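The values are calculated or read from the model by the stated rules, or taken from the named source; none is laboratory data. Since this is a predicted model, take the numbers as computed values, not measurements. So basically every Cβ, Gly included, is an ideal-geometry build from the backbone, and we count neighbours across all protein chains shown.
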Amino acid sequence: MLEAFWGADMLPTERQYRIVELVNQRGAMEVAELARLLDVSVVTIRRDLDKLAEEGLIVRSHGGAVSVRQAGTALDPPYEAKRRVRYEEKRRIAEAAARLVEDDETIIVDSGSTTYHMVPHLQKYRNLTIVTTDLLIATELSRTTAHQVIVLGGPVRPGIFATWGPYAEEMLTRLAVNKAFMAADAVHAQHGVMNATTEEVRIKQLMIQASRHRYLLADHSKFMKTALAWVAGLDAFEEVITDSGLPSQLRSTLTEIGVRLTIVEVGQEEPVTDEVASDEGGTPAVGQHSAASRQYDG
């Protein structure tokens, strides 16, 4: 199954991120198996493993690599590593998500390398209040917009630049917002939305609870995977925004279980919106998008 999605034309940074994901999911991987799955030479894999070990993302072992989690520490790849992977997909997903915002709203923007790309598209709105745990998002919003930015307090996760803990959780219990734009480490048709570490789980759950409308932003590589900690079922979200790399069979599976998908077309300048009627008398789906997106209702 894995071989169908990956190949030799993958960028080095993307391949290295995939290596971290594989090693983290399985606990340990051998060089030969990684080379086969990623369709590259064992020399290339050894070079990648050495680089990743230097960055602290894996632990090098004889003949392969062991996950940091297996070695006793939970793994969540650093912000910079995440931001380099599937850049265009994340940018287009965030652009589509930002079109759901309206003037004078209070919104939550979850921490993440996809939600970060919403920032430039929020400049056009008036009088927003934006709540986040992400210090990079908060800094960029404060630098480029006049919106009110609320940073949830607490300790900062090194390399992730996001706050967490009881102070942030307490603040969220006192908030009621219009919309939440959430990120995920893994999305599974049966198991729902999952996170690579436990620290942010309660915060994400409270963000969902505090919001009238909830949207999930996840590129296609996040789907049909599991991670350490469960966050929420897919039924917690009005809409899941992803990219055209999501296989058609998986799209069908998700819509069959009631997930409402918006698919952004990556690589097209001015794609058209393909609205799919809802079950309620053929009424078009709420939240029509004028950019590169197609909607699929379950």
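Pick from segment 125-147 the residues that are buried (at least 16 other Cβ atoms within 10 Å of the Cβ) and in a loop (DSSP other than H, G, I, E, B): which of them is nearest to the chain's Cα centre (by Cα)?
Among them, the one singled out is T133.
Take S211 and decide whether it is touching a strand residue (DSSP E or B) at 6+ places or on another chain (Cβ under 8 Å) and over 29 Å from T255 (Cα atoms).
no
State whether the residues of segment 199-212 include one that is without any contact (Cβ under 8 Å) to a residue 60 or more places away in the chain, surrounded by fewer than 16 Cβ atoms within 10 Å (Cβ to Cβ) and not hydroxyl-bearing (S, T, Y).
yes
Test R251 against the stated conditions and say whether it is in a strand (DSSP E or B) and surrounded by fewer than 23 Cβ atoms within 10 Å (Cβ to Cβ).
no
Pull up segment 203-229, narrow it to residues that are outside any helix (DSSP H, G or I) and modelled with pLDDT under 95, then point me to the one that is nearest to T133 (Cα to Cα).
Of everything passing the filter in segment 203-229, A229 is nearest to T133 (Cα to Cα).
Being in a strand (DSSP E or B) and touching a helix residue (DSSP H, G or I) at 6+ places or on another chain (Cβ under 8 Å) is the filter here, so list the residues in segment 151-161 that pass it.
Within segment 151-161, V151, V156 qualify.
Need a quick list: strands (runs of 3 or more DSSP E) entirely within segment 23-109 having at least 2 residues that are on the phi < 0 side of the Ramachandran plot, at pLDDT below 85 and surrounded by 15 or more Cβ atoms within 10 Å (Cβ to Cβ).
58-61, 64-67
Just the residues that are under 29 Å from Y17 (Cβ atoms) and in a loop (DSSP other than H, G, I, E, B), please, taken from segment 110-124.
D110, S111, G112, S113, T114, listed by residue number.
How about segment 162-202: which of its residues are of a type in the set (G, A, S), within 22 Å of S113 (Cβ to Cβ) and assigned to a loop (DSSP other than H, G, I, E, B)?
Within segment 162-202, G165, A183, A184, A196 qualify.
Out of all the residues in segment 230-247, which are part of a loop (DSSP other than H, G, I, E, B), touching a helix residue (DSSP H, G or I) at 6+ places or on another chain (Cβ under 6 Å) and in contact (Cβ under 8 Å) with a residue 40 or more places away in the chain?
Matches in segment 230-247: G245 only.
Name the pairs: first residue in segment 169-194 and within 25 Å of A96 (Cβ to Cβ), second residue assigned to a loop (DSSP other than H, G, I, E, B) and basic (K, R), Cβ to Cβ under 7 Å, at least 6 apart or on different chains?
Hits for this filter: A186/K225; H188/K225.
Just to be sure, is T173 touching a Leu at 6+ places or on another chain (Cβ under 8 Å), surrounded by fewer than 18 Cβ atoms within 10 Å (Cβ to Cβ), over 20 Å from G258 (Cα atoms) and at pLDDT 95 or above?
Taking the combined requirement at face value, the residue satisfies it.
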